[in-house]
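The values are calculated or read from the model by the stated rules, or taken from the named source; none is laboratory data. The structure presented is a predicted model; accordingly, all values stated were derived computationally and were not measured. Positions of Cβ are generated from backbone atoms using ideal geometry, with glycine treated the same way; all protein chains shown enter the neighbour counts.
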Amino acid sequence: MLVDSHCHLDAGEFDPDRAAVIARARQAGVCQQVVPAVTAAGWPKLRDACNQAPGLFPAYGLHPLFLADHAPAHLKALRTWIERERPCAIGECGLDFFVEGLDPDAQQRYFTGQLELAREFDLPVIVHARRAVEAVIAAIRAIGGLRGVVHSYAGSPEQATQLYRHGFLLGLGGPVTYERAQRLHRLVRDMPLDRLLLETDAPDQPDAGIRGQRNEPARLATIADHIAGLRGISVDALAKATSTNARTLFGLPAAAA
């Protein structure tokens, strides 16, 4: 039984068939999903999507790619949502230095504000770090007392070791299934198993078997097969370890069969 630690089930791409997507995930052995937010305006829809079926757990936050949709008042609103909704995490938050035109100072303010809330409420953070792993590590170190996951990790093994020391896990998904992703393959083989989370990032980041198509959480089984093969362990052993990691980090209940 697998846990998808990062799936945008509330995304518009799933509006026509969300119930079927959830059912396919369940049939594929994906029994629990963490659903992170991207904007304050989307929090109510995300909450409704997670109420649609058991095993769906919301996280609320402000994604750096949607900087134009954020306002300083949203950090205050996030506090209210945390107090009222008791999410499993804060996120998706972080830094993105890949996309041009995103003010790095504004990104840093929103990221720092969310890290401070995570420390105050003792919640894990779901972090986006594209071309920004060093800056993310610096922010985590500056706040202190945090835990969480850097999702879709693409940094170095040395940066990964720093993140482990600060209480963070790494989320890996579709990109690891591509033949050319040799650096990711080496990372997956060598990293501590207790620091690994599986994710789809659906509807984005499809695995090699559905290149160019809409991704969905049922594809987590394919990712698990690939990573188990890279590590030379059984899929059952990988599923057990990564699901335990996810439940421990996010405080999820044991999954129903």
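A few points about this structure:
- Number of positions in segment 209-247 that are touching a Pro at 6+ places or on another chain (Cβ under 9 Å) and more than 21 Å from residue 56 (Cβ to Cβ): 2
- Residues located in segment 190-218, provided they are farther than 20 Å from residue 250 by Cα, out of contact with any strand residue (DSSP E or B) (no Cβ under 9 Å at 6 or more places or on another chain) and in contact (Cβ under 8 Å) with a residue 12 or more places away in the chain: 190, 203, 204, 205, 206, 207, 208, 209, 214, 215, 216
- Extreme residue, farthest from residue 107 (Cα to Cα), among residues of segment 57-84 that are in a helix (DSSP H, G or I) and among the aromatic types (Phe, Trp, Tyr): 81
Okay, residues lined up against (1) closer than 29 Å to residue 25 by Cβ; (2) buried (at least 24 other Cβ atoms within 10 Å of the Cβ):
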{"position": "151", "(1), (2)": "yes, yes"}
{"position": "162", "(1), (2)": "no, no"}
{"position": "178", "(1), (2)": "yes, no"}
{"position": "196", "(1), (2)": "yes, no"}
{"position": "214", "(1), (2)": "yes, no"}
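- Residue in segment 121-134 that is in a helix (DSSP H, G or I), out of contact with any Asp or Glu (no Cβ under 7 Å at 6 or more places or on another chain) and under 16 Å from residue 250 (Cα atoms) present: yes
- Any chance residue 28 is under 30 Å from residue 225 (Cα atoms), modelled with pLDDT of 95 or more, exposed (fewer than 15 other Cβ atoms within 10 Å of the Cβ) and out of contact with any His (no Cβ under 7 Å at 6 or more places or on another chain): no
- Every condition in (1) in a loop (DSSP other than H, G, I, E, B); (2) closer than 15 Å to residue 92 by Cβ is met by residue 117 except one, and the failing one is (1).
- Selection of first residues in segment 1-19 that are touching a residue at least 40 places away in the same chain (Cβ under 8 Å) and of second residues that are in a loop (DSSP other than H, G, I, E, B) and surrounded by fewer than 19 Cβ atoms within 10 Å (Cβ to Cβ), restricted to Cβ pairs under 6 Å at least 6 apart or on distinct chains, gives the following pairs, ordered by first then second residue: 1/29; 1/255; 2/29; 13/214.
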